[in-house]
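**Student:** After the structure tokens below, expect a handful of questions from me.
The values are calculated or read from the model by the stated rules, or taken from the named source; none is laboratory data. Everything numeric here is computed off the predicted structure, so don't read it as measured data. A quick note on method: Cβ atoms are made from the backbone with ideal geometry, for glycine too, and the neighbour counts reach across all protein chains shown.
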Amino acid sequence: MIRLVDVHKTLSGRKVLDGMTLHIPKGQTTVIIGRSGVGKSVTLKHIVGLLRPDSGKVILDGQDLTSLRPRELKEVRRKCGLLFQSGALINWLTVAENVALPLIEHDHMPKARVEAIVREKLALVDMLHALEKYPSEISGGMKKRAGLARAIVRNPEVILYDEPTSGLDPVMSNQINELVLDMQSKLKVTQLVVTHDMSSAYMIADKIAMVYRGQIIAEGTPEEIRGGADPVVRQFIEGLTSGPLTDQMRSEEGAFPARPPTSSPRIP
């Protein structure tokens, strides 16, 4: 369904993606894990065409996004729904109005039809009771569910999630995880999830891929990742305080010399 082939991307003088190659199978949930700043969210932005690679290919449903014109890219983008990390709801719109926004902006249909679709999608994520509430009146987990309803309101073939359980307590995180599983079973969609949450990754993934230094260094089923021997992967999934990831962080910090301490005036 989705393939990234030798994708390179430099942002603000820093190499973020350095030969990223990844296959995301149709109808499955693929989870990308890795440290902050290694290119996970940048990968999502390439898949929806918000960023173009410096080199390499991004192929969605047989079409190379890097070769498409703006109008063609807009049509391919319709196949994707994106759940932002914060939910990204507009504060002055109700939950129902937020969910309806993609339909109003892109589709021409009667108001009654829009309202029916919005109610259908909100019911799917158990948010029908909050359709007239504003974002300031609902919890963080409810904001993410409303954001998911908006992401699926145009019936995408692909759903992309950027840290869907970030900032949530364990109970709410599991509710979001169950929603991700529901989306795959009920809508038969292809899903790509970026997360730091290994409990979530093990629960929802058909395949897990780990990003390190802008590349995929390991991929497999949750069982294969859990049982792998790669020291970088093991440190990350077990949350160990020493290992190659820690050495890399210290090396990166060492690239920026600390400011010498300022001597305090002597108190007589």
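**Student:** Among the listed residues ARG145, ARG113, which satisfies the condition of being of a type in the set (Lys, Arg), part of a helix (DSSP H, G or I), surrounded by 15 or more Cβ atoms within 10 Å (Cβ to Cβ) and on the phi < 0 side of the Ramachandran plot?
**Tutor:** One residue alone meets the criteria, ARG145.
**Student:** THR190: modelled with pLDDT under 90 and crowded, with 21+ Cβ neighbours inside 10 Å, yes or no? Can you show your working first?
**Tutor:** Values: modelled with pLDDT under 90: no; crowded, with 21+ Cβ neighbours inside 10 Å: yes.
In short, no.
**Student:** I'd like the full set of residues that are assigned to a strand (DSSP E or B), more than 15 Å from the chain's Cα centre (by Cα) and either surrounded by fewer than 17 Cβ atoms within 10 Å (Cβ to Cβ) or polar (S, T, N, Q) (or both), limited to region 20-58.
**Tutor:** THR21, HIS23, SER55, LYS57
**Student:** For region 178-201, name all the residues that are in a helix (DSSP H, G or I) and out of contact with any Pro (no Cβ under 9 Å at 6 or more places or on another chain).
**Tutor:** GLU178, LEU181, ASP182, MET183, GLN184, SER185, LYS186, MET198
**Student:** Return the residues of region 204-213 that are surrounded by fewer than 22 Cβ atoms within 10 Å (Cβ to Cβ) and modelled with pLDDT under 95; say none if nothing qualifies.
**Tutor:** Listed by number, the residues that qualify are TYR212, ARG213.
**Student:** If you don't mind, there's one more thing I want to ask. Looking for something under 15 Å from LEU83 (Cβ atoms) and of a type in the set (Asp, Glu) - is there at least one such residue anywhere in region 117-131?
**Tutor:** Step one: list which residues in region 117-131 are under 15 Å from LEU83 (Cβ atoms), which gives 121-122, 124-125, 127.
If we keep only those that are of a type in the set (Asp, Glu) as well, we get none.
For region 117-131, residues under 15 Å from LEU83 (Cβ atoms) and of a type in the set (Asp, Glu): absent.
**Student:** Continuing with this model, one more query. With aliphatic (A, V, I, L, M), out of contact with any strand residue (DSSP E or B) (no Cβ under 6 Å at 6 or more places or on another chain) and at pLDDT 90 or above as the only criterion, which of LEU73, LEU60, LEU93 stands out?
**Tutor:** LEU93
**Student:** Of PRO156, PRO135, which residue is within 23 Å of LYS26 (Cα to Cα) and modelled with pLDDT of 90 or more?
**Tutor:** PRO156
**Student:** (1) in a loop (DSSP other than H, G, I, E, B); (2) surrounded by fewer than 17 Cβ atoms within 10 Å (Cβ to Cβ): which one isn't true of VAL153, the others all being true?
**Tutor:** Status for VAL153: all satisfied but (2).
**Student:** Run LEU44 past the list (1) over 26 Å from THR246 (Cα atoms); (2) out of contact with any helix residue (DSSP H, G or I) (no Cβ under 6 Å at 6 or more places or on another chain) and report the number of the one that doesn't hold.
**Tutor:** The single condition LEU44 does not satisfy is (1).
**Student:** Let me ask something additional. Would region 158-167 turn up any residue that is hydroxyl-bearing (Ser, Thr, Tyr) and closer than 30 Å to GLY62 by Cβ?
**Tutor:** Yes: one or more hits.
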